[in-house]
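This report refers to the structure that appears directly beneath it.
The values are calculated or read from the model by the stated rules, or taken from the named source; none is laboratory data. Nothing here was measured: the structure is a model prediction, and the numbers come from that model. Cβ: placed from backbone, ideal geometry, glycine included. Neighbour counts: every protein chain shown.
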Amino acid sequence: MKTLVVFYSRSGTTKRVAQEVAKALNADVDEVIDKKSWKGILGFLIAGYDATKGKTTEIEFEKDPSGYDLVVIGTPVWNGRVTPAIRTYLLRNREKIKNVAFFCTCAGRPGKCLEQMEEILGRRPVLSKVLVRKRLEEGIKDLIEELETLNSLSS
């Protein structure tokens, strides 16, 4: 199964998860770059506000998801919601994605993040997973195992 791992990461946590998943699955990786700066405390506050309001943003990414059997999409949770960068990615690519799995990283509660991702895409993912920062290693291991099971079932 040809797999693509797509992610957006502000602090690096989601990037780390995405890279470990891609390595374990021998998948391609595509980082979504948000053209808006979210740096510093002001950026953090505006990020939470924009996520709460369901805003989109200007993004860049490289790979066409239509060429993949499975697209694994990761995002941090901002104020209990999906980031504007991943919201924009999903809106732009929802017709191109065949099968999808979601994961989100958070400090505590994921809020509505995964539900929002499903709503934006317009269909259920084959897998949704929350990774809490204080149990990140365990979460990465579980996510990889579940994705490997999906890969073996489709082979």
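With the condition kept exactly as written, say whether any residue in region 93-108 is more than 28 Å from residue 58 (Cβ to Cβ), assigned to a loop (DSSP other than H, G, I, E, B), out of contact with any Cys (no Cβ under 6 Å at 6 or more places or on another chain) and β-branched (Val, Ile, Thr).
Among the residues of region 93-108, not one is more than 28 Å from residue 58 (Cβ to Cβ), assigned to a loop (DSSP other than H, G, I, E, B), out of contact with any Cys (no Cβ under 6 Å at 6 or more places or on another chain) and β-branched (Val, Ile, Thr), which makes the answer no.
Among the residues of region 124-155, count how many are charged (D, E, K, R) and within 23 Å of residue 1 (Cα to Cα).
Restricting attention to region 124-155, the residues satisfying the condition of being charged (D, E, K, R) are 124, 129, 133-135, 137-138, 141-142, 145-146, 148.
Filter again for within 23 Å of residue 1 (Cα to Cα), leaving 124, 129, 141-142, 145-146, 148.
Summing the residues that are charged (D, E, K, R) and within 23 Å of residue 1 (Cα to Cα) in region 124-155 gives 7.
So, in region 70-92, of the ones that are buried (at least 17 other Cβ atoms within 10 Å of the Cβ) and assigned to a helix (DSSP H, G or I), which residue ends up nearest to the chain's Cα centre (by Cα)?
Out of the qualifying residues, it is 86.
Restricting region 93-127 to residues that are over 10 Å from the mean Cα position of the chain (by Cα) and among the small types (Gly, Ala, Ser), which is modelled with the lowest pLDDT?
Checked region 93-127; the qualifying residue modelled with the lowest pLDDT is 108.
Those residues that are of a type in the set (A, V, I, L, M) and either under 14 Å from residue 79 (Cα atoms) or part of a helix (DSSP H, G or I) (or both), I need them from region 33-55; list them, please.
Residues of region 33-55 of a type in the set (A, V, I, L, M): 33, 41-42, 45-47, 51.
Scanning region 33-55 gives 41, 42, 45, 46, 47, 51.
Could you list all residues from region 20-32 that are part of a helix (DSSP H, G or I) and either acidic (Asp, Glu) or over 15 Å from residue 142 (Cα atoms) (or both)? Spell out the reasoning first.
Step one: of region 20-32, the residues part of a helix (DSSP H, G or I) are 20-25.
Of everything in region 20-32, just one residue is part of a helix (DSSP H, G or I) and either acidic (Asp, Glu) or over 15 Å from residue 142 (Cα atoms) (or both), namely 20.
Mind checking whether some residue in region 136-153 is at pLDDT 85 or above, closer than 19 Å to residue 48 by Cα and surrounded by fewer than 18 Cβ atoms within 10 Å (Cβ to Cβ)?
Within region 136-153 (the criterion being at pLDDT 85 or above, closer than 19 Å to residue 48 by Cα and surrounded by fewer than 18 Cβ atoms within 10 Å (Cβ to Cβ)), the answer is no, since none of the residues qualifies.
Can you pull out the residues in region 20-40 that are surrounded by fewer than 20 Cβ atoms within 10 Å (Cβ to Cβ) and more than 29 Å from residue 1 (Cβ to Cβ)?
35, 36, 37, 39, 40
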